[in-house]
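Notes follow the structure.
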Amino acid sequence: FTHSTDKEEGVRTMAAECLGSLTCLQPSEILPQLKDLASKHSGTKVSDDASEEEKDAAKKDALACWTVATAVKFAIAGKVDPEQLGPFMPTFLALLKEEDLLVKNTALLMVYSAVHHKPQLVTGLMHEHILPSLYELACLNLKRVVDMGPFKHTVDDALPLRKASLSIFATCLEKCPSSIDIAAFMPVLAKALEDVEDVQLQAHQICISMCTRHPVPVANSVESFVEPLEKTLNKKKGQKTGTELERLNDWIKSALRVIVVLSGVDGAMSNRKFSDLVERTRKNAKYHAMLEAIDEEH
């Protein structure tokens with residue numbers, strides 16, 4: 001516990017791993033201490049005009065919360081007794097609402113671990129403690145421009161949060177679909193389809209999976225997918241060569257695969273906007289080779 005606020009991430013990770021293992025061995029002893037640590041250091045809000053001392057204290061609080069979430073993540077993966085951990089989960093899930101982005105991200109990874117290894121830990125807590133944060137973080141955008149002398153570089157601090165949120169949704173759809181509101185998730189999926197490449201590829205996989213598992217909400221939402229999918233299809237290749245060009249072609253092919261699978265969903269082709277997209281795409285000579293390959297897969 002004394003290393004829970006260490007400045008070195010490697011040290012904190014080792015401390016969290018040890019705490020996770022100890023939680024599996026002695027849950028009744030360690031879990032109340034983890035809860036106390038989270039309660040003591042969470043809820044810190046720092047204003048822009050805060051003193052350096054206040055900012056340092058807030059940073060220390062964030063590190064402690066990070067360690068708690070990481071320890072719980074390790075404990076879940078290490079097969080901690082869910083009956084012992086269950087009553088403490090609302091406290092640990094509150095870390096999703098912390099201001100610090102690293103704490104938010106680690107809390108998301110903790111939720112992912114729970115959904116993946118022990119869905120019974122979170123299914124009853126989804127609507128009140130998890131989904132509101134997931135909907136918010138899956139659409140969060142925090143872009144800033146970093147001046148690097150001769151050129152400027154745009155950084156999106158919220159990208160890891162969006163990716164982690166989508167991973168949780170994908171795993172929920174597989175492991176505990178009844179715990180999420182599918183209709184409320186569809187606008188999140190549509191927004192992910194117009195995100196950066198990594199997020200789009202995640203969204204493509206989710207979309208394809210949902211076509212067989214949840215065809216009705218997919219067919220009802222298919223119009224909202226048209227514009228983002230078409231934007232991906234129309235990506236300019238410019239001067240790209242080699243691996244860059246191959247990567248772009250794989251991205252476009254992924255979007256084409258989504259369109260092909262969606263077109264097989266009952267009711268999807270009844271939507272005029274979507275059926276027009278399918279027709280335009282099928283007629284476009286530049287997609288013929290990719291579509292043939294995709295048709296052979298199916």
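The values are calculated or read from the model by the stated rules, or taken from the named source; none is laboratory data. Keep in mind it's a predicted model, so treat the numbers as computed, not measured. Ideal geometry is used to build each Cβ from the backbone, glycine not excepted, and the neighbour counts take in all protein chains shown. Surface accessibility is based on the protein's heavy atoms, side chains included, excluding ligands, DNA and RNA. Shrake-Rupley method; radii C 1.70, N 1.55, O 1.52, S 1.80 Å.
Before moving on, here are some points about what is shown:
- So Glu136, is it open to solvent by 40 Å² or more (accessible area, probe 1.4 Å), acidic (Asp, Glu) and more than 12 Å from the chain's Cα centre (by Cα): no
- Contacts under 6 angstrom Cβ, first residue in segment 262-291 being surrounded by 12 or more Cβ atoms within 10 Å (Cβ to Cβ), partner basic (Lys, Arg), 6 or more apart: Met290/Lys253
- Qualifying residue in segment 161-177 (condition: in contact (Cβ under 8 Å) with a residue 40 or more places away in the chain, open to solvent by less than 10 Å² (accessible area, probe 1.4 Å), farther than 14 Å from Tyr112 by Cβ and not charged (D, E, K, R)): no
- Summed over segment 179-204, the residues that are exposed (fewer than 15 other Cβ atoms within 10 Å of the Cβ) and either closer than 21 Å to Val265 by Cα or of a type in the set (Val, Ile, Thr) (or both) give a count of 5.
- Taken over segment 104-131, the residue count meeting the criterion of being at pLDDT 95 or above and in a loop (DSSP other than H, G, I, E, B) is 0.
- Gly78 being at pLDDT below 95, among the small types (Gly, Ala, Ser) and more than 23 Å from Pro177 (Cβ to Cβ): yes
- The residues in segment 172-190 that are under 17 Å from Gln120 (Cβ atoms), in contact with a Pro (Cβ under 6 Å, 6 or more places away or on another chain) and assigned to a helix (DSSP H, G or I) can be counted, and the count is 1.
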